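Take a look at the structure below.
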There are 2 protein chains.
Amino acid sequence: MVNQSQDALKNFDPSFLVPGQSIDCVIIGYNEMGLHILVLKWKGMAGWILPGGFIGIGEDMDAAAVRVLEERTGLKLPYLKQFHTFGKVDRGNFNAELVEADMLPGRSSPIIQWLTQRFITTGYLSLVNMKESMPTPDFLTERCLWKPLNDLPDLMFDHRQIVQTAIAEIRNQINYMPVGINLLPEKFTMRELQSLYESILERALERSNFQKKILRLGYLNRHEKKMTGEAHKAPFLYSFDGDKYNQLLGQGLGFL
Amino acid sequence: MVNQSQDALKNFDPSFLVPGQSIDCVIIGYNEMGLHILVLKWKGMAGWILPGGFIGIGEDMDAAAVRVLEERTGLKLPYLKQFHTFGKVDRGNFNAELVEADMLPGRSSPIIQWLTQRFITTGYLSLVNMKESMPTPDFLTERCLWKPLNDLPDLMFDHRQIVQTAIAEIRNQINYMPVGINLLPEKFTMRELQSLYESILERALERSNFQKKILRLGYLNRHEKKMTGEAHKAPFLYSFDGDKYNQLLGQGLGFL
């Protein structure tokens, strides 16, 4: 493993990559404990970073994002959504202290030359169900883990700001887009749905008001309870009405 | 004028620019006739394009967008909003037919070499009041005009798609953000506000429903009518409540 990654770094050839442009992925995972962010540690580097990489010279940027995420983490997410491009001159660029690390080749090597240029990076995000999304590190990656949003380790470069921008985008979207089809089991209770919204918004919502507003949007199907002695005590189960859900995804919830 | 622009093209030095990255601005103007887009024609080029340009090697991308727009059109808009980055390999790149144009230097000149590379472009948008935004072309620009959104001329490259993406973003936003503070006079009637929303959404809104929903958001101040004989016939005038408006801009209208 170490040899494979050292070889890859030694043989790094930047002539197939778009210079100065990178991609970073904010993969937001949800479970009953709340929101998590997928972070990784490259071999030989001290700090945590987001899964990221570069664009091939003949590759569309959106396709590069899907490929980069799969290479780093094994996750295949065809619907990564671009959310912002970070173009400050000082993004906390790659610096010499990292080059001292054992695994990286010397400062004049092609990969160090490459990494120390100015990068403008485009952020992509996805919301996934953590239980169905087990990341597996590639040969460049030492570890690849879900970390709680509220207890993130230090992230290198401007990656914390990239995470914050992605979370703000998701919170904004939840107000005008239905979210959740990837985050909940096929059938779920109103309480589970509310808990998802509360995790994303990080605030408590009033139960009856939430239920009234969500049902009025018309994208939930309610299922009949099974007729057993105790069934009347069990909560109703709901599922997403695919057609209505996709229609709302396209046009937003809207207030007008 | 011609000499100045020809000199600028001959003396073009790309070593001060970030390679492969450009900026395009979608400036959406509103008047009583509806939405308009600011387009321009470079001297010696056949087609219409959006105001755009490049990023200096020591310049933040957001600052470059403000500078580029001001250079091309004279408009100083400090609050350009980034909305999307366009990263397809084939964006309808700069091609040889343009080089044939009278004004441009030969194919091996630095500027032609520069223009024919692959560019990833970041789109910025702003909504402005056309009556207060008179564009003035710079020395590279032959004409710079407001064109009706519904009757745009052919645009070069993928610039029509960039406009469509910006309009979709604005229509989406109007459902969760207050818009209008730059687009209306300080005091306006409910009818003028509704007309702005109808222009952006391109559909008629029901009058009493619109008024009820907008007022419920709490960001409009209603002004007393002056006591004259006919005042009761005049419509109420409204203005934006700056504090409440800015608060909603930050957090969105929300449905929860």
Any hit, segment A:11-21, residues being within 14 Å of chain B (Cβ to nearest Cβ), assigned to a loop (DSSP other than H, G, I, E, B) and modelled with pLDDT of 90 or more: no
If I ask for residues that are within 14 Å of another protein chain (Cβ to nearest Cβ) and not hydrophobic (A, V, I, L, M, F, W, C), which ones from segment A:33-57 would you list? A:G53, A:G56
Give the residues of segment B:115-173 that are among the basic types (K, R) and in a loop (DSSP other than H, G, I, E, B), sorted by residue number. B:R118
Looking across segment A:166-195 at residues that are farther than 21 Å from A:M130 by Cβ and touching a residue at least 40 places away in the same chain (Cβ under 8 Å), the single one that is farthest from the other protein chains (Cβ to nearest Cβ) is A:M190
Starting from segment A:58-75, keep only residues that are within 14 Å of chain B (Cβ to nearest Cβ), then list their pairs with residues that are in a helix (DSSP H, G or I) whose Cβ atoms are within a distance under 9 Å, requiring at least 6 positions of separation or different chains. A:G58/A:F16; A:E59/A:R67
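Going by what's in this entry, would A:V66 be described as at pLDDT 90 or above, part of a loop (DSSP other than H, G, I, E, B) and among the β-branched types (V, I, T)?
no
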Out of curiosity, is A:V26 closer than 26 Å to B:N93 by Cβ and among the hydrophobic types (A, V, I, L, M, F, W, C)? no
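Let's see how each residue does on (1) over 21 Å from B:I112 (Cβ atoms); (2) within 14 Å of the chain's Cα centre (by Cα); (3) assigned by TED's automatic domain parsing to the domain that holds B:R91:
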site	(1), (2), (3)
B:S15	no, no, yes
B:Q21	no, no, yes
B:I28	yes, yes, yes
B:L40	no, yes, yes
B:F54	no, no, yes
B:D62	yes, no, yes
B:A65	yes, yes, yes
B:G74	yes, yes, yes
Of all residues being part of a strand (DSSP E or B) and aliphatic (A, V, I, L, M) in segment B:28-63, which is farthest from B:E198 (Cα to Cα)? Just the residue, please. B:I55
Would you be able to tell me the number of residues in segment B:219-253 that are surrounded by 12 or more Cβ atoms within 10 Å (Cβ to Cβ), at pLDDT 85 or above and part of a loop (DSSP other than H, G, I, E, B)? 3
Check on B:R72, part of a helix (DSSP H, G or I), surrounded by 17 or more Cβ atoms within 10 Å (Cβ to Cβ), in contact with an Asp or Glu (Cβ under 6 Å, 6 or more places away or on another chain) and modelled with pLDDT of 90 or more: yes
Quick check on my filter: what residues within segment A:30-42 are crowded, with 20+ Cβ neighbours inside 10 Å and either out of contact with any strand residue (DSSP E or B) (no Cβ under 8 Å at 6 or more places or on another chain) or under 19 Å from A:L140 (Cβ atoms) (or both)? A:L38, A:V39, A:L40, A:W42
If the requirement is being crowded, with 18+ Cβ neighbours inside 10 Å, modelled with pLDDT under 95 and either within 13 Å of the chain's Cα centre (by Cα) or among the charged types (D, E, K, R) (or both), which of these qualifies: B:I170, B:I162, B:I174? B:I170
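The values are calculated or read from the model by the stated rules, or taken from the named source; none is laboratory data. Please read all numbers here as calculations on a predicted model, not as lab measurements. Neighbour counts are summed over all protein chains in view; Cβ atoms, including those assigned to glycine, are modelled from backbone coordinates with ideal geometry.
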